[in-house]
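Chemist: Structure in structure tokens, see below.
Every read-out reported here was derived from the displayed coordinates using simple, explicitly stated rules and does not represent laboratory data. Please read these numbers as outputs of a predicted model, since none were measured by experiment. Every residue, glycine as well, gets a Cβ built from its backbone with ideal geometry; the counts of neighbours run over all protein chains shown.
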Amino acid sequence: MKKANHSKLAVVASLAIVPLVLSACAASPDTSNGGGSQTLTVDNSFVLKTLDPGFVYEQTGATIVHVLYDTLVTFDGSDVSEVKPSLAESFEASDDAKEFTFTLRDDVTFADGSALDSEDVVFSLNRLKNLKGSASQIVSGMSFSASDEDTVVVTSDVTNPDVPTILAQPSTGILNSEVAAENGATDAEDAATADSIGTYLDTNSLGSGPYTISSYDPSSKVVLTANPDYWGEAPGYDRVVLQNVDVQNQKLTIAKSSGDEVALDLSGALSADLPDTVQISGVPDTSYFLSLNQDPAVSELTSNRAFVNALRASIDNAGIAKLFGPDATAASGVVPPAFSGALDPSDAPKQDIEAAKKLLADAGISNPSASLVYPAITYRGVDLGTIVTKVQADAKEAGIAIELTPQPINVFLDGQAAGQNEIGFSPNSLNYPVAASLVNNMAPGASTSLRNGWTLERADASAIDASEAVIAATTPEERVSAMQEWQRVMNEVSPFIPMANNSGIVVATENLDGAVYSPAGWTIDLADISSK
Amino acid sequence: MPLLLKTIAKRLLTTVALLWGVTVVTFLLVSVVPGDPAAANLSQQAYDDPEIREAFRQKWGLDQPLIVQYGQYLWNILHGDLGVSQQTNRPVLEDLSRYIPATIEIAIPAMVIAIIVAVALGILSAMRKGSALDNGIRVLSLTGLSTPPFWLALVALYVFFYIFGWVPNGGRLSNMYDPPPTITGMYTIDALAAGQITVFWDAVWHLALPVGILAVLTISGLLRFVRSSMLEVLDSDYIRAAIAKGLPRRIVTWRHVFKAGLLPVLTVSALTMASLMGGAVLVEQVLSWPGLGQYAYKSALGLDLQAILGVTLFVAIVYTGINLIVDVLYTVIDPRIGAK
């Protein structure tokens, strides 16, 4: 009887095991995921909403749009110090840096073979401005016109020598205006409500770039195919597959890969113990700083400059940089080293506990205690909780009590926008790769400053003067110098305490050429990658 | 009216009322949850520009009073429209039709394996109560229950992909293959329908790890329930009486204990299935499996209201639907339950 029971159970158990065995024994294709030397695989934890240049703002989307749509100018590799020709073979700036005239190449065609001209440029840039999405903000205050078929004039309401840099951003990619309009796109002032192209651009590339869209699945995979009629140098791979892969999975995958593979999210400590068979490229382009609220109604303590400077003196920037991994640097100012205008990393302030204690004592502040609010996330491989715990320990040495308040990202963003955080902490990347863009956000009375109660009225005159000097500079060289001076002043009188700069990183298999990290706004130029 | 039809009609009415309740509660909850969708979806500078912020609110109807927003939402649902996702810019229904088949493709095989193994081991464990085999099975079950799913997924990925190379590194298909033409959205079935045998096997190969992990996680809970259910039946008077009457143990086990013990297991299995259909967020995240769990997770992070409401409604429909089926099955198996 027992035997009979066992037989039945054995059958039942076998039935359970069969599907597993079948699965495991099924055809096991090549695990390299390459599928041939003409396919490049890019592993990325997708931050992807759209492939419409007018709306693209997220990392994955920007990386893809950059190779689908050409821009007037661009950057080469990881060097963002100088814009290079792209659709525009040259450009001229007026003396007051308010008017820029771009001369277009005459040999550019879209992927469908039709010619690109100034009308397409004006349409695309006007559409970007009028859509009123996240990306629209970078061209606010600009207007666009065409004086002839090959000439585009960009006018800025204010002096802005960084206009060419802004026009290298993926969101300023040029669409085939005729086909776009046929499918519902509009560049009219009411484009925010009237544009009806919807998701058409997710599956159809109306650009002139080196790649076109082959398939689009925002949940798992985007496949690009080389544009056979591209006007420039042909890209290194016929096919690029971007696949959505979790960061831990990326690490295993790139370590095991036999070739033609890139991982985009292994920053920080995650890249520390990768095998020698991979190549790593990175540039410190993200800054991490504390923001202390200057509104006395929110906090009497953090709006006291003596307290700000005491906290600044208590923090061990070099120690915090170590927490980010081998490519991070201690911060000398708010501009990360990837960009012109950064202060020399060797000028980073050293921890000085005695100075911090003295500042507090001189100001009559005893047993100070403040709340530090931060988003409970891991960013670029680093848990932000680890960083603020170090801040808490550093401050404690100077007698400052920091209460850590982690929040879900949405709650944090809400509180930050409402200007309610006593001390805030989050990573900061530039809107476009020029240091002066920080002044637009962090000068007294600018958006980030207002979120921390730093109004013009509450600011020191030296900070206002230094900010105005940056804005008044009409050449990139003048801006670099003004930016450095601005940061020195900010280190004295602003409510921001820069601590460290972390690198964006590209990890690639050793057989690849041109797989370099770019702080330009697109992480990596997929068209530049080729097999050695 | 026959008992079965009466039961179905009664349950359908309750289900509709329940789903309406779900829309009210989830809509209110989503509306009062801290966080501004505009802040979550716009860049800081764009958010600080009143014109852009207002354009966003207008576009997504957030400038309307709550009651108007709910009315619009309900009206759209009744017309088969779940709204448009702020994250993907696509209709939520279209998004769900992309993510749900991926979840079904791992949930059903995982559940089938789990039920077969859990029932077999649960019965064995109950029949051998107190033996070394029973203790071993219970320890295994406890270990499975106390293992965090994401940790199990990471370890499984490390061992079976990185060390042995038996399974792929995640996703639904290898990069050399394009998805088969969409019929059901399940790659294995669609590949077979299109006659793409290589793609079919590649899809099966990609199922191995997520299905295996979900099955292991499900087995642990289920087999404990099967065991206790069987023990309860074994301890009942009528079973003792049957054994005392000299009925062969094989007959007692398979005709009486098995049937009576499996009735509650049916309910638990159904609820477990519904839970799997809701998405195994962490497992899907680690294995880059583009299922409903990932969609729900990203929607919640981005405060994508329409998507959150869509996922919640779908999960509610699955739960109520499965409950309805279980109720009907109960009535079929034991009409006395339906009569109550």
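Chemist: Using a Gaussian network model of chain B with C-alpha springs under 10 Å, which one of B:46, B:215, B:307 is most mobile by mean-square fluctuation?
Modeler: Its mean-square fluctuation being the largest, the pick is B:46.
Chemist: In the Gaussian network model of chain B, springs joining C-alpha atoms below 10 Å, which of B:208, B:126, B:242 carries the largest mean-square fluctuation?
Modeler: Looking only at B:208, B:126, B:242, the largest GNM fluctuation is found for B:242.
Chemist: Quick check: the angle from helix B:66-78's long axis to the longest principal axis of chain B, C-alpha only, nearest 10 degrees?
Modeler: The angle comes out near 60 degrees.
Chemist: Residue A:396: which aspartates and glutamates have alpha carbons under 14 Å from its alpha carbon, excluding same-chain residues fewer than 8 sequence positions away?
Modeler: A:316, A:352, A:354
Chemist: Continuing with the same structure: How far is helix B:305-333 tilted off the main Cα axis of chain B, in degrees rounded to 10, range 0 to 90?
Modeler: Helix B:305-333 sits roughly 20 degrees off the main axis of chain B.
Chemist: Let me ask something else about it. Helix B:50-59 sits at what angle to the longest principal axis of chain B, using alpha carbons and giving 0 to 90 degrees rounded to 10?
Modeler: Orientation of helix B:50-59: about 50 degrees from the principal axis.
Chemist: In whole Å, what is the distance between the alpha-carbon centres of region A:62-86 and region A:96-157?
Modeler: Cα centres, region A:62-86 to region A:96-157: 15 Å.
Chemist: Neighbour counts of other C-beta atoms within 10 Å: give me A:451, A:488, B:90 arranged from fewest to most.
Modeler: A:488, B:90, A:451
Chemist: Neighbouring Cβ atoms within 10 Å as the yardstick, rank B:128, B:11 fewest first.
Modeler: Neighbour counts put them in this order, fewest first: B:128, B:11.
Chemist: Which of A:84, A:129 has the fewest other C-beta atoms within 10 Å, and how do the rest follow up to the most?
Modeler: Fewest-to-most ranking of A:84, A:129: A:84, A:129.
Chemist: What size of dipole, in debye to the nearest 20, comes out for region A:461-514 about its Cα centre when the only charges are +1 on Lys and Arg C-beta atoms and -1 on Asp and Glu C-beta atoms?
Modeler: With only Lys, Arg, Asp and Glu charged at Cβ, the dipole is about 160 debye.
Chemist: With a cut-off of 8 Å between alpha carbons and a minimum separation of six or more residues, what is the relative contact order of region A:216-347 in percent?
Modeler: The value is 18 percent.
Chemist: In addition: With point charges of +1 on the Cβ of Lys and Arg and -1 on the Cβ of Asp and Glu, referenced to the Cα centre of region A:342-384, which listed residue (A:360, A:345, A:376) lies farthest in the positive direction of the dipole?
Modeler: A:376
Chemist: Sort the protein assembly as shown into rounded, prolate or oblate with this rule: let a ≥ b ≥ c be the square roots of the eigenvalues of the Cα gyration tensor; rounded if a/c is under 1.5, and if a/c is not under 1.5, prolate when a/b is larger than b/c, oblate otherwise.
Modeler: The shape class here is prolate.
Chemist: Can you give me the C-alpha center-to-center distance between region A:469-485 and region B:150-201, rounded to a whole angstrom?
Modeler: The distance from the Cα centre of region A:469-485 to that of region B:150-201 comes to 54 Å.
Chemist: Dipole size in debye (nearest 20) for chain A around its Cα centre, Lys and Arg Cβ +1, Asp and Glu Cβ -1?
Modeler: The dipole magnitude comes to about 3060 debye.
Chemist: Roughly how many debye, to the nearest 20, is the charge dipole of region A:366-476 about its Cα centre, given +1 on each Lys and Arg Cβ, -1 on each Asp and Glu Cβ, and no other charges?
Modeler: The dipole magnitude comes to about 240 debye.
Chemist: Taking every DSSP beta bridge that has both residues in the protein assembly as shown, what percent is antiparallel when rounded to the nearest 5?
Modeler: Counting DSSP beta bridges with both partners in the protein assembly as shown, the antiparallel share is about 75 percent.
Chemist: Further question on the same structure: For region B:15-166, what relative contact order do you get, as a whole percent, if you take Cα pairs closer than 8 Å and at least 6 residues apart?
Modeler: 9
Chemist: Okay, moving on. Only Cα pairs within less than 10 Å get springs; with that Gaussian network setup on chain B, which residue of B:115, B:243, B:325 has the largest fluctuation?
Modeler: Highest fluctuation of the listed residues: B:243.
Chemist: With the cut-off at 1.5 for a/c, could you classify region A:355-463 from its C-alpha gyration tensor as rounded, prolate or oblate?
Modeler: Oblate is the answer for region A:355-463, as a/c is 1.5 or above yet b/c matches or exceeds a/b.
Chemist: Determine the relative contact order of chain B: mean sequence separation of Cα pairs under 8 Å and six or more apart, normalised by residue count, in whole percent.
Modeler: RCO, chain B: 28 percent.
Chemist: Moving on. Going Cα to Cα from residue B:10, which lysines come in below 19 Å? Please leave out same-chain ones fewer than 8 positions away.
Modeler: Straight-distance partners of residue B:10: B:340.
Chemist: Distance cut-off 27 Å, Cα to Cα: go down the list A:322/A:357; A:132/A:251; A:84/A:350; A:49/A:390; A:98/A:129; A:98/B:59 and report the pairs above it.
Modeler: Check vs 27 Å cut-off fails for A:132/A:251; A:84/A:350; A:49/A:390; A:98/B:59.
Chemist: As a test of the formula, what do you get for the protein assembly as shown when each DSSP H run with n ≥ 4 contributes -39,500 (n - 2.57) and the sum is divided by the residue count, at 222 nm and rounded to the nearest 500 deg cm²/dmol?
Modeler: Computed mean residue ellipticity for the protein assembly as shown: -15000 deg cm²/dmol.
Chemist: Which of the lysines could a cross-linker span from residue B:129 if the Cα-Cα distance has to be under 18 Å and same-chain partners fewer than 8 positions apart are dropped?
Modeler: Here the lysines satisfying the reach criterion relative to residue B:129 are A:2, A:3.
Chemist: Any chance you could check the Cα centroid distance between region B:216-281 and region A:195-266 for me, in angstrom?
Modeler: Rounded to whole Å, the Cα centres lie 50 Å apart.
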